[in-house]
1. Just checking, which of Lys242, Lys257, Lys262 is of a type in the set (Lys, Arg) and either outside any helix (DSSP H, G or I) or modelled with pLDDT of 95 or more (or both)?
2. Can you confirm whether segment 96-119 contains a residue that is modelled with pLDDT of 70 or more, surrounded by fewer than 16 Cβ atoms within 10 Å (Cβ to Cβ) and not in a helix (DSSP H, G or I)?
3. So is Leu273 at pLDDT below 85, exposed (fewer than 11 other Cβ atoms within 10 Å of the Cβ) and part of a helix (DSSP H, G or I) or not?
4. Surrounded by 13 or more Cβ atoms within 10 Å (Cβ to Cβ) and out of contact with any helix residue (DSSP H, G or I) (no Cβ under 8 Å at 6 or more places or on another chain): does that describe Glu260?
5. Do you know which residues across segment 227-238 are exposed (fewer than 13 other Cβ atoms within 10 Å of the Cβ) and closer than 15 Å to Lys39 by Cβ?
Amino acid sequence: MVDSGQVQQNSQQQSNSESNEQNLLKHIDELRDKILEVKNQRRQLIEEIKSLRDKRRQLIEDKKQLIERFKVLRDQRKKILDELAKLKQERETLSKEFKSKLDQLKEAHNITQKEGDVAKLSLRKIQKRMEELEWRQQTSVLTPEEEKRLVEEIDKLEELAERVRRAREEEVSILELEADVKGLKLKLSEAINKIKELRENAGRLKAEISSINPKIDEYNKNIDSLGAEIQQKSQEIENLTKQLDALYQDYRNTMVKLKEMKLAKQRGIEVNLLEQKRKEIEEKQKKGEALTLDELRILYGDLDSI
């Protein structure tokens, strides 16, 4: 038989259930809002990390290009310094050769100055005079004194002819030396100008190389800073993920409770209906009307089993 006290208890429980159900529904709404809020926060952080990683990736690429530029400049400067060393050696060689030729030219000028106008004498006339004297010596009868004077004059003419030849050779030598000195002076000037140009280029490259090092340091600083910021936001995302897991778990647990509460509520409704039906059956029994098997079960059966 149905216990009326149990029915009253079920009725009270149903009333409490209404209040608890409202609380659960409210908590579920709060959980949904909180989940949405946390998901938005996490999504925003993920977008920020993506932007930071893109920025960091670009900085790394820019840094690589700057390092490549540094290597290119360093190699260019090394080549210039190697060429500069060779040119300095060449300049020293040219300088020594120039000095040597200049000394030879001065010596040649000294010789020609000593000889005076000897080179201007006609070597052909001197030789002709020598031939005349030799012919006279061979064809004429001369006294010992005349023979002696003739021989002395021929010797003097031979000596003069030799001096004329040497003087003319010195003039040719001077022209050659002057050409050599002029050529060496031109080469030396070109080498000096080239050395100056290379030094300027080496200095310019050195200045540019020196300016790159602080830029690389600045890139490293910014890259490290972005890395730290990415790590920090990644930790925040991890914390938010853990928070979401806890919220989802709370949400699932609350939904289970709500489902159980609704089942209990449904059971309370069914108990009330059965109680109402039982009263109707009791009235029917009092009137002496016949009862069906189901009505007998409701009237005398256990409420839980029904």
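1. Lys242
2. Within segment 96-119, none of the residues are modelled with pLDDT of 70 or more, surrounded by fewer than 16 Cβ atoms within 10 Å (Cβ to Cβ) and not in a helix (DSSP H, G or I).
3. Spelling it out, Leu273 is indeed at pLDDT below 85, exposed (fewer than 11 other Cβ atoms within 10 Å of the Cβ) and part of a helix (DSSP H, G or I).
4. The answer is no for Glu260.
5. Residue satisfying the conditions is Glu238 alone.
The values are calculated or read from the model by the stated rules, or taken from the named source; none is laboratory data. Values in this document were obtained by computation on a predicted structure and should not be read as measured data. FYI the Cβ positions are ideal-geometry reconstructions off the backbone, even for glycines, and counts take in every protein chain you see.
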